[in-house]
Each structure stands twice: as structure tokens, then as C-alpha cells.
1. Can you tell me the 0 to 90 degree angle between the C-alpha axis of helix 87-99 and the longest principal axis of the chain, rounded to 10?
2. Over 20 Å apart: what share of the alpha carbon pairs of the range 102-159 falls there, rounded to a whole percent?
3. Could you give the angle, 0 to 90 degrees to the nearest 10, between helix 134-145's Cα long axis and the longest principal axis of the Cα atoms of the chain?
4. Using Cα centres only, tell me the gap between the range 5-21 and the range 137-201 in whole Å.
5. Cα-based Rg (one decimal) and Dmax (whole number) for the range 1-115, in Å?
6. Kindly work out what percent of the DSSP beta bridges joining two residues of the range 71-199 are antiparallel, to the nearest 5.
7. Taking the Cα atoms only, what angle lies between the long axis of helix 189-199 and the longest principal axis of the chain, rounded to 10 degrees?
8. Assuming 0.890 mPa s and 25 °C, estimate D for the range 34-81 with Stokes-Einstein, Rh taken as the Kirkwood radius over Cα pairs, in µm²/s.
């Protein structure tokens, strides 16, 4: 069971999956006392949720504990959607989740919508299992987006195979590499982390 502080610490790492932080940097981000952050962080390392790399820097261990990470992503999403400016994104996501007929899919928002108070477009990514499902779901999302006149959604739909291909080239500029440090998962967090584990060697 995570404490409130541990959940907040993990949210920092889940929001920036490939980045490394010292305990002092995490304390600064959260505006918390360093000793408090240290006490909360040590069990996270012991449980394998965080990994220690060179110079005692810490990084998220996204290869295991997918249920815990799914809960952390739920907290991040809940916080994001609770902001009045993101109300339309929440309504849009709700409609997509209720309409898309896939067994296993990921829906997320990425880019400037995650970090900016006034983003231009809202970048949306839907990840579906098979390439044959890409085009029909693109149409579904575009149709839903038409109902939101005050928001401009930029729709991206890819299949699992494309995700693996993008993740395998770590240094290449592509959608998957971009979202790792700038995303909010609206649906399918466990699937997202499974794809990440399998695709990022």
C-alpha cells in the first residue's frame, strides 16, 4: 500500500518516464522536505518501483508493477481532468471510451496540452491492436471531435506494431518517444506499460 507521499513521488517519475532524478530534485519538484522524500523513496527502491542508476540518480522501473503504475496514471489523469480548462478533454475521452469497440486499447493526451495553460491543439493518441483497426477508429474519433467546436483535437491512431517500431528507435523523433515524458493516460494504462516494456529494449 502506497502512502500519499509515495504516490506523489511516483507521479513525478511516471510523468517523465525516461528522465532521472535525485531525491533532492524530487523534493524540490514536490516542495517537500528532503528527509521526508528520502524516507518515502527508499521503500519504493526496495519494492522495485524505482531503479537506482549512476550517481544515485533514480528512474522509474516501468518493466514491472504495472498495476501500481496504472493506479499512479489514474491519479495523474484524475488531477489533470479536474482542472476546468480540461473539461472538454474529459468529455471527449468519455465518449471515445464508450464508443470504441476494441478489447484492448490505450487513449492518451500528449504534447503541449499536458504542460501548457493555453495549448493550441489538443494532441490525442489512440493505440489499437491491429493495423486494420486504425482507419475505422480514426473516423470514429474525427466524428466525435466534430461535436467539440471550441476545441481543436489533433487525432493520431496507431497500432501495436507501429508502437513497437517507434519504441525500438530510442533516438528518433517520433510520437512514442515524445509522449514518454509528456503524457496523460486517459484509458489503458496497464496496456501502455506492457507495450513500453515489450517495445523498449
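1. Value to nearest ten degrees: 70.
2. Looking at the range 102-159, the distances longer than 20 Å represent 27 percent of pairs.
3. Result, in degrees: 90.
4. The range 5-21 and the range 137-201 have Cα centres spaced 20 Å from each other.
5. Over the range 1-115's Cα set, Rg and Dmax evaluate to 15.8, 48 Å.
6. Of those bridges, close to 55 percent are antiparallel.
7. Approximately 80 degrees, to the nearest 10.
8. 206
Every number here is computed from the coordinates shown, using simple stated rules; none is lab data. Everything numeric here is computed off the predicted structure, so don't read it as measured data.
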